[in-house]
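Input: a single structure, listed below in structure tokens.
The values are calculated or read from the model by the stated rules, or taken from the named source; none is laboratory data. On a predicted model such as this, the values are computed, not experimentally measured, just so you know. Methodologically, a virtual Cβ is constructed for each residue, glycine included, from the backbone with ideal geometry; neighbour enumeration extends over all protein chains shown. With ligands, DNA and RNA removed, areas are computed over all heavy atoms of the protein, side chains included. Shrake-Rupley method; radii C 1.70, N 1.55, O 1.52, S 1.80 Å.
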Amino acid sequence: MLFTQIEFAFFIITVLLYLFWMKNNTARKGLILVASYYFYAYWDYRFLCLILVSTIVDYSIGLQLTKTLNLTRRRFFLISSLVVNLGILFFFKYFNFFISSFQVILTPLNLNVSTLNIILPVGISFYTFQTLSYTIDVYNKKIEPCTSLLDFAVFVAFFPQLVAGPIVRASHFLPQLRQYVPLTKTNFLEGSRIFVIGMFKKVFVADRLAMFIDPVISNAAAFDGATLWLAMFAYSIQIYCDFSGYSDMAIGISRIMGYDLNINFNFPYIAKSIGDFWRRWHISLSTWIRDYLYIPMGGNRKGQRRTYINTFVAMALCGLWHGAAWTFVFWGIWHGFALIVHRYWQNIKMEKAVLFQGIQFPRIANWGLTMTVVLTGWVFFRAQDFSQAMLILQKMFLLGEGVSWMHPFVLFILILTVLVHVIHDLNITKLHMLPVNAWYTPAILFCLIWLVVLFYPKGFQPFIYFQF
Amino acid sequence: MKKIACSFLFSIGFTWLVSAIFIDTIEPYEWHPGLKKYVRVAGTVNRERNEGWGSSVSGALGIHGIPDITKIQSRKIAIWGDSFVEAIQVDDDKKIAQVFTKISAENGLDLVAFGVGALGGAVVDYYFDLPKYERLNPTIAAHFILINHRRDVLPGKKRRGSLFVADPEFKFILKQREPQGPLFLRKLIYDLDLNFLFALAKSMPDLKDFRFAIGPVPQRIKAQGHSQKAYDEKAALRFLFEKLAAQTSLPIVFVYVPRVPELRDGRFDFTDPLAPFMKDFSKMAKTHGMGFISLEQWFIGFHQRTGRFHSGFINSKPGEGHLNEDGNRLVAEAIFNYISEENLH
């Protein structure tokens with residue numbers, strides 16, 4: 001079920017009415033769990049069993065981890081969790097990818113392994129990372145294990161963020177389930193505000209931009225360099241508004257229900273370095289990778305060279321998490337490479353501080369360089385394959401000839417996006433943030449709702465991140 | 001509560017303003033006793049924003065861009081067609097008929113063209129309308145009929161207008177094209193420019209499309225084959241030409257507007273899948289004393305010279321959709337050339 005479907009409006013109103021009526025916390029959690037399973041089963045009930053397996057395995061392992069102090073046994077339980085969760089993820093998401101990638105090696109050896117007709121379960125990457133983080137945290141004794149199966153099941157399947165994040169940490173969410181949270185007017189207003197902003201970003205901005213981007217990218221050879229630049233700028237906005245829009249809607253619904261989810265995006269396109277970008281983009285994933293991959297590999301504690309290797313591996317895996325294709329892996333590597341270069345530059349600046357004394361690079365140059373790296377990365381992220389990516393880059397940077405298409409709506413959104421980001425970066429006003437107590441906020445929110453309804457695009461527009 | 005109510009009222013005002021600029025208008029219709037059909041109300045302005053950016057003023061008989069065609073004494077060219085002739089995506093002065101009139105004047109000919117276009121129109125509709133328009137416009141010199149699809153000339157079902165059926169025999173059935181929704185409501189929405197309410201109603205999904213059952217959604221398998229009984233295409237076309245020839249003594253010329261060149265899979269596709277059919281169609285038209293113009297080479301030549309397309313707008317995919325300003329002009333030029341060559345003036 002999509003947040004932008006009319007059916008979802010009926011669904012959420014029903015859930016909220018029941019939550020309003022129910023005063024018993026256990027019953028409320030039971031309702032949320034049933035609603036979450038229905039929300040997921042609306043797409044395909046058969047894949048609920050994967051969520052159930054993940055829930056039961058990690059819940060049981062969490063309990064077992066507290067019962068033993070034996071390091072070998074604890075390791076065994078941790079590895080069991082990793083094998084089950086990553087095994088499911090690998091099979092459903094990466095099996096065909098690796099088989100087809102290694103076909104080149106296998107065929108000369110007369111090993112004919114064919115790919116399987118596998119459906120990618122929606123949200124598998126998100127809830128797998130969520131359950132994994134719980135088990136690793138319990139193993140590392142950072143959190144106490146959850147003793148209520150109901151609480152744990154709600155944590156895994158909480159419908160607002162089940163299929164596309166934000167990736168929630170057990171330490172943040174499980175304590176919130178322990179006590180009764182009434183529906184309040186404050187939460188309702190604040191949650192609705194966040195939800196409407198997210199819906200506007202997704203439906204009015206992202207989905208309408210897609211109508212320009214999709215034909216341009218799929219016919220890249222026919223369009224000129226300027227159109228491809230515009231398409232890639234538009235894609236940068238589309239993917240941001242699509243994903244952050246979903247996150248906002250998830251956070252908004254949770255807030256209405258009385259639960260808090262951490263923000264997932266913080267104006268990533270004002271970043272002045274690639275490191276800064278990753279502190280603002282898909283925060284729940286980047287912090288997950290930092291805490292459960294980069295730091296356990298040694299982080300930056302084992303010397304400069306090892307830091308670079310760790311960064312590279314973490315980002316390559318980050319790319320692979322996004323999709324089972326080499327273009328995603330390359331996108332991760334590209335960002336990893338940029339992070340390494342940035343760190344190397346920082347080190348040089350520190351080592352030769354005297355040389356760089358008084359030299360300040362203009363903020364706009366830092367921003368421009370960062371955005372060029374990000375935008376180039378998006379080309380690989382969006383392209384179907386490397387040849388298409390190279391064609392797009394070639395036409396962009398060599399200003400290739402072809403059909404020109406400067407869509408006025410896309411130009412308008414581009415200007416609007418730049419304006420909002422400049423206002424935010426220079427801290428000129430808070431108007432664009434629509435503060436909950438500001439007198440103008442309800443009027444603007446109503447206007448946004450009208451715009452969404454009036455310009456609702458025809459046809460089905462899934463969220464981009466559903467495929468991950 | 002007061003703040004919320006005021007905010008909502010403000011948003012209505014804002015939406016009204018936005019829709020007055022960016023939302024397509026709903027056209028009011030009225031019954032025309034002379035034509036015995038619903039026509040656009042004279043003096044109303046149709047605003048198209050979804051594709052292209054055009055304003056079309058309706059005149060008498062619902063004809064765009066001409067206040068009252070019946071009062072013009074010059075010799076006239078009637079251009080018939082579907083939404084390609086309606087051409088609401090461009091302003092009136094850029095439509096085929098108006099451009100043709102302008103070219104004629106520049107070449108010293110006193111010819112006035114007018115377009116009779118309606119979304120989804122087909123030759124069977126024009127068959128019934130030809131005598132009525134001729135009666136109201138006695139100076140019509142020739143009829144030009146724009147076609148761009150097989151369904152424009154062959155039997156088929158599920159049409160809002162008149163029907164061309166093949167079963168049990170070839171037959172034209174007059175069917176009145178009814179405007180959607182009550183006429184007074186369309187007029188009221190138009191007069192108050194409340195087009196956003198209409199857009200809102202259109203965006204609401206049908207109740208039967210709602211799904212609350214759990215997935216997966218079973219794949220709908222399309223019915224195989226044609227529901228209609230197979231018929232001889234050439235016999236159908238023969239029937240069409242004979243009926244048309246019997247309906248009017250004036251020259252009839254078919255103008256084929258192909259969808260080439262088209263942008264497909266990153267390439268410009270210059271092959272027209274309808275070309276073989278249109279080749280046969282043109283031969284049969286000529287044997288029945290009717291003219292045929294194909295815009296195929298005009299469109300391809302134009303694209304090769306300028307790199308531009310005859311269809312598509314700044315707010316829609318290049319090479320797709322309705323005729324743009326260039327496309328309207330190319331069709332007008334082709335008609336003018338034909339008239340000059342065939343001495344139809």
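A compact table of results
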| read-out | value |
| --- | --- |
| Of all residues in region A:169-196 being part of a loop (DSSP other than H, G, I, E, B) and β-branched (Val, Ile, Thr), the one that is surrounded by the fewest Cβ atoms within 10 Å (Cβ to Cβ) | A:Thr184 |
| Filtered residues of region B:198-212 (kept if assigned to a helix (DSSP H, G or I) and facing chain A (nearest Cβ under 10 Å)) | B:Ala199, B:Leu200, B:Lys202, B:Ser203, B:Leu207, B:Asp209 |
| A:Ala220, sole failed condition from (1) within 14 Å of another protein chain (Cβ to nearest Cβ); (2) under 14 Å from the mean Cα position of the chain (by Cα) | (2) |
| Given (1) surrounded by fewer than 18 Cβ atoms within 10 Å (Cβ to Cβ); (2) over 30 Å from A:Gly323 (Cβ atoms), number of the condition A:Leu65 does not satisfy | (1) |
| Among residues of region A:317-329, those that are aromatic (Phe, Trp, Tyr) and open to solvent by 20 Å² or more (accessible area, probe 1.4 Å), counted | 2 |
| Subset of region A:330-360 [outside any helix (DSSP H, G or I) and surrounded by 11 or more Cβ atoms within 10 Å (Cβ to Cβ)] | A:Phe356 |
| Those strands (runs of 3 or more DSSP E) lying entirely in region B:229-307 with at least 3 residues farther than 30 Å from A:Gln384 by Cβ | B:252-256, B:291-294 |
| Single residue of region A:408-427 satisfying the filter (within 14 Å of another protein chain (Cβ to nearest Cβ) and closer than 13 Å to A:Trp229 by Cβ) that is surrounded by the fewest Cβ atoms within 10 Å (Cβ to Cβ) | A:Leu411 |
| Residues located in region B:21-41, provided they are assigned to a helix (DSSP H, G or I) and more than 9 Å from every other protein chain (Cβ to nearest Cβ) | B:Ile21 |
| Failed item, numbered, when A:Ile13 is tested on (1) within 28 Å of the chain's Cα centre (by Cα); (2) loosely packed, with under 13 Cβ neighbours inside 10 Å; (3) modelled with pLDDT under 95; (4) not polar (S, T, N, Q) | (3) |
| Yes/no for A:Ala221 being open to solvent by less than 10 Å² (accessible area, probe 1.4 Å), touching a residue at least 60 places away in the same chain (Cβ under 8 Å) and among the small types (Gly, Ala, Ser) | no |
| Checking B:Gly312 against (1) open to solvent by 20 Å² or more (accessible area, probe 1.4 Å); (2) free of Cβ contacts under 8 Å to residues at least 24 places away in the same chain, the condition it does not meet | (1) |
| Exclusive hit being without any contact (Cβ under 8 Å) to a residue 12 or more places away in the chain and open to solvent by less than 40 Å² (accessible area, probe 1.4 Å), set B:Gly301, B:Gly319 | B:Gly301 |
| Close pairs (7 angstrom Cβ cut-off, 6 or more residues apart or separate chains): without any contact (Cβ under 8 Å) to a residue 12 or more places away in the chain and within 14 Å of another protein chain (Cβ to nearest Cβ) in region A:41-60, open to solvent by 60 Å² or more (accessible area, probe 1.4 Å) and of a type outside the set (Gly, Ala, Ser) anywhere | A:Ala41/B:Ile214; A:Tyr45/B:Ile214 |
| Selection from region A:235-281 of residues that are more than 21 Å from A:Phe188 (Cα to Cα), surrounded by fewer than 19 Cβ atoms within 10 Å (Cβ to Cβ) and of a type in the set (S, T, N, Q) | A:Asn266 |
| Flag for A:Phe92 being assigned by TED's automatic domain parsing to the domain that holds A:Ser125, exposed (fewer than 14 other Cβ atoms within 10 Å of the Cβ) and under 26 Å from A:Pro121 (Cβ atoms) | no |
| Options A:Ile449, A:Ile444: the member that is within 13 Å of chain B (Cβ to nearest Cβ), of a type in the set (Val, Ile, Thr) and either without any contact (Cβ under 8 Å) to a residue 12 or more places away in the chain or within 24 Å of A:Ser273 (Cα to Cα) (or both) | A:Ile444 |
| Failed item, numbered, when A:Ala27 is tested on (1) part of a helix (DSSP H, G or I); (2) in contact (Cβ under 8 Å) with a residue 60 or more places away in the chain; (3) more than 23 Å from the chain's Cα centre (by Cα) | (2) |
| Enumeration of residues in region A:120-148 that are in contact (Cβ under 8 Å) with a residue 60 or more places away in the chain and open to solvent by 80 Å² or more (accessible area, probe 1.4 Å) | A:Glu144, A:Thr147 |
| Considering residues of region A:151-168 that are among the hydrophobic types (A, V, I, L, M, F, W, C) and assigned to a helix (DSSP H, G or I) only, the residue nearest to A:Asp248 (Cα to Cα) | A:Phe159 |
| Among residues of region A:16-36, those that are open to solvent by 80 Å² or more (accessible area, probe 1.4 Å) and either of a type in the set (S, T, N, Q) or more than 21 Å from A:Pro121 (Cβ to Cβ) (or both), counted | 7 |
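This table checks each residue for (1) within 14 Å of chain A (Cβ to nearest Cβ); (2) under 26 Å from B:Pro318 (Cα atoms); (3) open to solvent by 70 Å² or more (accessible area, probe 1.4 Å).
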residue: B:Ile12; (1), (2), (3): yes, no, no
residue: B:Ser19; (1), (2), (3): yes, yes, no
residue: B:Glu48; (1), (2), (3): no, yes, no
residue: B:Ser55; (1), (2), (3): no, yes, no
residue: B:Ser58; (1), (2), (3): no, no, no
residue: B:Leu61; (1), (2), (3): no, no, no
residue: B:Phe84; (1), (2), (3): no, yes, no
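Residues checked against (1) at pLDDT 85 or above; (2) surrounded by fewer than 10 Cβ atoms within 10 Å (Cβ to Cβ); (3) within 30 Å of B:Ala42 (Cα to Cα); (4) away from chain A (no Cβ under 14 Å):
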{"position": "B:Pro182", "(1), (2), (3), (4)": "yes, yes, yes, yes"}
{"position": "B:Leu185", "(1), (2), (3), (4)": "yes, no, yes, yes"}
{"position": "B:Leu192", "(1), (2), (3), (4)": "yes, no, yes, yes"}
{"position": "B:Phe196", "(1), (2), (3), (4)": "yes, no, yes, no"}
{"position": "B:Ile214", "(1), (2), (3), (4)": "yes, no, no, no"}
